[in-house]
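Notes to accompany the following structure.
Just so it is clear, none of the values below were taken in a lab; they were calculated from the coordinates. As the structure is a computational prediction, the values presented were derived from the model and not from experiment. Cβ placement follows ideal geometry from the backbone for every residue including glycine, while neighbour counts extend to all protein chains displayed.
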């Protein structure tokens with residue numbers, strides 16, 4: 001199978017490309033990147049061809065593409081790749097507006113290509129284990145969720161509203177909203193949020209607390225931020241607590257670690273040894289194309305997560321609950 | 001001067017009871033109140049409604065009595081102007097009280113500023129466990145989530161402060177000095193001295209403030 005990479009603007013591109021390189025039946029067919037230096041370096045690193053021109057890249061012989069551009073360019077690349085009949089794995093958030101996401105889904109349907117949203121947290125072992133416990137009834141009926149996704153400020157285009165479409169709340173809400181939808185099988189009916197910029201001198205949000213309500217009456221809190229600084233022992237977290245009628249259980253995608261203490265500015269470091277969720281995502285995408293099956297995480301899943309994140313901004317601006 | 005402290009006895013560090021102070025459980029107080037006749041009475045928040053208009057009564061909030069909270073408070077107050085995210089989570093046994101919501105609002109306001117906006121969501125309270133999420137925007141720019149799960153097991157308190165270049169974390173289950181649990185309620189115990197020092201006089205201003213916070217919480221949604 002031949003898979004091309006469209007842009008290395010998002011740091012996940014490197015992890016996804018590494019994951020592709022580990023698969024015996026997959027070849028990285030080429031790399032398109034508007035940033036020539038970055039694209040050429042990546043092409044050299046992954047022993048493949050660099051394309052300066054997007055049309056030339058999409059005309060090349062390949063089955064699928066992985067899009068890791070700036071958020072604002074997801075739509076353009078997804079639409080072009082779909083028209084070129086390439087299956088697509090698109091980095092999250094799927095788009096910067098709900099309208100764009102809907103159009104992307106519609107174009108992929110029209111051209112008969114798979115559109116999968118890159119939510120790697122679904123492939124974290126603890127997150128999958130908790131899903132199994134819920135499905136087997138160990139927790140009883142779900143009453144509430146508590147989730148967090150806090151990390152470091154990625155800087156660069158992430159803090160440019162034009163290119164990212166939103167700051168920490170957009171970047172760090174969609175993962176856990178997706179997990180809550182996946183666990184509960186329900187849609188979010190309302191969002192209340194406070195969004196602000198606390199931790200960095202930047203023009204974009206870096207903190208938000210959200211209260212979500214699902215159509216079933218399940219309620220949830222979510223803490224999204226870029227509040228972690230370089231000296232903190234770990235990059236950040238992705239946690240969920242499920243409060244059920246039988247049991248309350250927590251899962252943390254980054255909990256599996258050893259503690260290393262050193263003399264220096266970062267005296268404590270958590271070194272992760274858990275499973276590689278990005279690799280899980282890539283294997284699933286490849287499997288999906290091979291078996292011509294529905295993606296496990298669809299464009300629609302990406303759309304619904306985006307919708308909740310954007311509702312948080314609206315709620316904070318209007319100081320009111322937003323109903324979806 | 002004779003003080004009477006009414007408290008759940010398993011929450012008190014008994015070694016902290018000094019001369020001149022009588023420590024009584026709510027049940028003991030009901031029986032012995034006439035004979036004890038204290039000069040000053042110290043009661044938990046859940047009993048405050050029974051003492052409106054009575055003199056020499058003082059009310060305490062458990063959260064600000066815990067030694068761990070004193071340390072967290074110092075961290076937050078170290079930079080009063082800083083913004084940040086405060087997260088408080090309580091797991092309360094089935095026979096516990098919701099009064100902690102009001103008490104916590106008193107305590108958090110003292111370190112984060114007056115609550116400007118409150119939003120409350122709750123699951124069905126007739127089904128245990130039930131969960132309450134309180135979102136608070138404070139006047140100084142700080143924001144908070146205070147969450148309460150009632151009927152989901154043993155008492156547990158978690159608190160987190162994410163400030164600028166400062167993060168403080170506490171979890172009573174993790175930070176317990178004796179494991180396995182069940183041998184001690186540590187770290188969720190407090191001293192009588194702290195009750196005497198940190199209680200608020202249950203005067204008219206106190207009850208007005210309590211009513212304000214109750215109204216804010218009720219106005220915020222599901223209470």
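Can you tell me, using C-alpha contacts under 8 Å and at least 6 residues apart, the relative contact order of the range A:2-113 as a whole percent?
Relative contact order comes out at 25 percent.
From the Cα trace of the range B:93-223, what convex hull volume per residue do you get, rounded to a whole Å³?
Dividing the Cα hull volume of the range B:93-223 by its residue count gives 141 Å³.
So what's the angle, to the nearest 10 degrees on a 0 to 90 scale, between helix A:299-318 and the longest Cα principal axis of chain A?
For A:299-318 against chain A, the angle is about 50 degrees.
May I ask for the angle, rounded to the nearest 10°, between helix A:36-45 and the longest principal axis of chain A, with both axes built from Cα atoms and the value confined to 0 to 90°?
Approximately 90 degrees, to the nearest 10.
Calculated from DSSP H runs of 4 or more alone, at -39500 (n - 2.57) each and per residue, what is the 222 nm mean residue ellipticity of the protein assembly as shown, nearest 500?
So the helix-based figure for the protein assembly as shown works out to -10000 deg cm²/dmol.
Which angle from 0 to 90°, rounded to the nearest 10, does the C-alpha axis of helix B:100-112 make with the longest principal axis of chain B?
Once rounded, one gets 60 degrees.
Can you give me the P(r) profile for chain A? Cα pairs, bins 20 angstrom wide beginning at 0, each as a whole percent.
Pairs per bin, as whole percents: 32, 59, 9.
Mind putting together the pair-distance distribution for the protein assembly as shown? All Cα pairs, 20 Å bins, whole percent per bin, short to long.
20, 49, 24, 7, 1
Per Stokes-Einstein, at 37 °C and 0.692 mPa s, what whole-number D in µm² s⁻¹ belongs to the range A:2-113, with the Kirkwood radius over Cα pairs as the hydrodynamic radius?
Roughly 239 µm²/s, to the nearest whole number.
Take the alpha carbon atoms of the range B:1-156, find their radius of gyration, then divide it by 2.2 N^0.38 Å using N residues; give the quotient.
The value comes to 1.16.
Test of understanding: in a Gaussian network model of chain A with alpha carbons linked when under 10 Å, which of A:167, A:39, A:302 would top the mean-square fluctuation ranking?
A:39
With a cut-off of 8 Å between alpha carbons and a minimum separation of six or more residues, what is the relative contact order of chain B in percent?
Computed over chain B, the figure is 26 percent.
How many partner chain Cβ atoms sit within 10 Å of a residue's Cβ in peptide A:187-196, on average, as a whole number?
Mean shielding by partner chains, rounded to a whole number: 3.
Reported to two decimal places, what Rg/Rh ratio describes the range A:81-153 when computed on Cα atoms with Rh from the Kirkwood expression?
Result: Rg/Rh = 1.10.
Peptide A:145-157: average number of partner chain Cβ atoms within 10 Å per residue?
1
Mean shadow of the range A:168-324, computed from the convex hull of its alpha carbons, in nm²?
Orientation-averaged projected area of the Cα hull: 11.9 nm².
Largest first and in whole Å, give the semi-axes of the range B:3-60's equivalent ellipsoid, each being the square root of 5 times a Cα gyration tensor eigenvalue.
17, 13, 11
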